[in-house]
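As structure tokens, the structure follows; a few thoughts come after it.
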Amino acid sequence: MTATGEENRYLTQSSDKVPYFYPKNKIPVGIAYKNDTNKQIPSLFNPLTIKNLKLNNIRIGVSPMCTYSTAHDGPDKGKSTPFHLVHYGSYAVQGTGLIIVEASAIDPNGRLAPEDLGIWSDEHALALKPVVEFAHAQGVKIGIQIGHGGRKSSRTATYNAMQRGIGKAEFGWSDVPGAIVGPSPINYDEESFVTPTELSVEQIQDLVQKFGDAAKRARDISGFDFVEIHGAHGYLLNSFLSKTSNKRTDQYGGSFENRIRFLLEIIDVVKDDHQPLFVRVSGSELAPQLEGSWTIEDTVKLSDYLIEHGVDVLDVSSGGNSSLAERRKTGQGFQVPLAKAVKDHVGDKLLVATVGKITEANFANDVIKNGEADIVLVGKAFLRNPALVWKWADDLDVRVKHTNQYEWPYYYPPFK
Ligand SMILES: Cc1cc2nc3c(=O)[nH]c(=O)nc-3n(C[C@H](O)[C@H](O)[C@H](O)COP(=O)(O)O)c2cc1C
């Protein structure tokens, strides 16, 4: 029977964010309700405006995490698949404040592994559009991390490496002359990384343009709400920052200002008048014994330049640029002190995100409440539980809006 007339009043409206029927979420998923007892909303569920972007009363984000789940070769190489829709959709449907899609290569040679996601062509950006649309149907904000692996490109997907041990990339392109590039011909480690070819100034400028193009297509074709530049973990941009990996004598090496030049040039082409720009750096290289290693003092100094160049959020991670670095610590929020050092310096001039072993709602809430960072990003705890926001809302005794189809547990049986 076709519903007509009176019955139509009871038909659900569809979201206009997706090109298929999806029950419209009239208020964004994840938004915290003022609850009956009129208790104060915990800091973790407070709103945050980043340039034109309003986070839905929630400071919790999915940290970028490579999934190595695209075709190695052929026409679909590097393109998003239904897996990515399911994977990122699972965070979106659970009302995460913001999602940062995994490091996506701006150039095929800059993939970390053959199965890495890419955004080096318009078709790649188009393949990501359904992921963005689905997030938007929930009212969830979604961005993408764009990057180049530099001397750590062409590796083995971490799930293979974990199972089989990391070897020199067996299936990559590291044996193609000139394909693996870096600031200087210094490898990450002798045993399992190839020595990169030093980039010429012309090649650096070409890569700057490729970052700019990737960001533009992420916004204009995929529809992402923001872009994050990957300047951490020893990948191309990080390796320019540190004297341990950058021994250049031209305008991209030597002084602090020269080593940060590549990153700043990229920021200048990537930034947008309307959308926020995130940058992730390793707050410290964690190798104090190495002369010229990047330190938290360097990151604090860099933050002034980032403000000047229009960055909105500095996402502070650590490590990854030196095989001789200290192992990252294991405690909850072990990188929070790095974020706090930046936050104490920048105040309201720059938003700061922290990440790293944050697994408990109260801890995350305190980070925001104490002003140590503005955003809490979470990686592995989201892999364990895509409904982490719901769990943390329960833990902090706050009611959040769920997507229409998932509201049932509040009503039948009402367990919370
Ligand atoms: C499977 C996996 C893939 C990752 N891929 C990326 C990535 O693409 N870009 C990035 O900046 N960090 C990446 N990371 C680091 C995470 O974003 C995060 O900073 C790190 O896991 C620490 O946070 P956690 O303890 O909450 O997982 C990855 C981590 C994991 C576990």
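Odds and ends about this structure:
- Residues that are touching a Phe, Trp or Tyr at 6+ places or on another chain (Cβ under 9 Å), open to solvent by 10 Å² or more (accessible area, probe 1.4 Å) and of a type in the set (G, A, S), drawn from region 313-345: G320, S322, S323
- There is at least one residue in region 162-180 that is modelled with pLDDT of 95 or more, touching a Phe, Trp or Tyr at 6+ places or on another chain (Cβ under 8 Å) and either in a loop (DSSP other than H, G, I, E, B) or away from the ligand (no atom under 16 Å from the Cβ) (or both).
- Being free of Cβ contacts under 8 Å to residues at least 24 places away in the same chain and assigned to a loop (DSSP other than H, G, I, E, B) holds for only one residue in P75, P64, and it is P75.
- Residues of region 289-327 classified as more than 16 Å from the ligand (Cβ to nearest atom) and either basic (K, R) or assigned to a strand (DSSP E or B) (or both), total: 1
- Check on D268, away from the ligand (no atom under 16 Å from the Cβ), open to solvent by 10 Å² or more (accessible area, probe 1.4 Å), farther than 29 Å from A364 by Cβ and assigned to a helix (DSSP H, G or I): yes
- Test set (1) more than 14 Å from the ligand (Cβ to nearest atom); (2) closer than 30 Å to T49 by Cα; (3) outside any helix (DSSP H, G or I) - Q145 fails condition number: (1)
- Within region 354-372, being of a type outside the set (D, E, K, R) and under 15 Å from P42 (Cβ atoms) holds for I358, A361, N362, F363, A364, N365, V367, I368, N370, G371.
- When region 287-310 is filtered for residues that are more than 13 Å from S242 (Cβ to Cβ) and surrounded by 23 or more Cβ atoms within 10 Å (Cβ to Cβ), the ones remaining, listed by number, are S303, L306.
- On inspection, F382 qualifies as in contact (Cβ under 8 Å) with a residue 60 or more places away in the chain, within 12 Å of the ligand (Cβ to nearest atom) and either out of contact with any Gly (no Cβ under 8 Å at 6 or more places or on another chain) or open to solvent by 10 Å² or more (accessible area, probe 1.4 Å) (or both).
- Hey, S284 more than 16 Å from the ligand (Cβ to nearest atom) and crowded, with 24+ Cβ neighbours inside 10 Å or not: no
- Within region 131-160, the set of residues being open to solvent by 10 Å² or more (accessible area, probe 1.4 Å) and of a type in the set (A, V, I, L, M, F, W, C) comprises F134 only.
- Of all the listed residues (L377, L351, L388), the sole one being more than 16 Å from the ligand (Cβ to nearest atom), buried (at least 19 other Cβ atoms within 10 Å of the Cβ) and closer than 20 Å to I100 by Cα is L351.
- Region 190-217, residues that are assigned to a loop (DSSP other than H, G, I, E, B), open to solvent by 10 Å² or more (accessible area, probe 1.4 Å) and in contact with a Gly (Cβ under 7 Å, 6 or more places away or on another chain): S192
- Single residue of region 359-374 satisfying the filter (surrounded by fewer than 18 Cβ atoms within 10 Å (Cβ to Cβ) and part of a helix (DSSP H, G or I)) that is nearest to the ligand (Cβ to nearest atom): F363
- P64 vs. criteria buried (at least 20 other Cβ atoms within 10 Å of the Cβ) and touching a strand residue (DSSP E or B) at 6+ places or on another chain (Cβ under 9 Å): yes
The values are calculated or read from the model by the stated rules, or taken from the named source; none is laboratory data. Keep in mind that this is a model prediction, so the values were computed, not measured. So basically every Cβ, Gly included, is an ideal-geometry build from the backbone, and we count neighbours across all protein chains shown. Note: accessible area is taken over every heavy atom of the protein model, side chains too, but ligands, DNA and RNA are not part of it. Shrake-Rupley method; radii C 1.70, N 1.55, O 1.52, S 1.80 Å.
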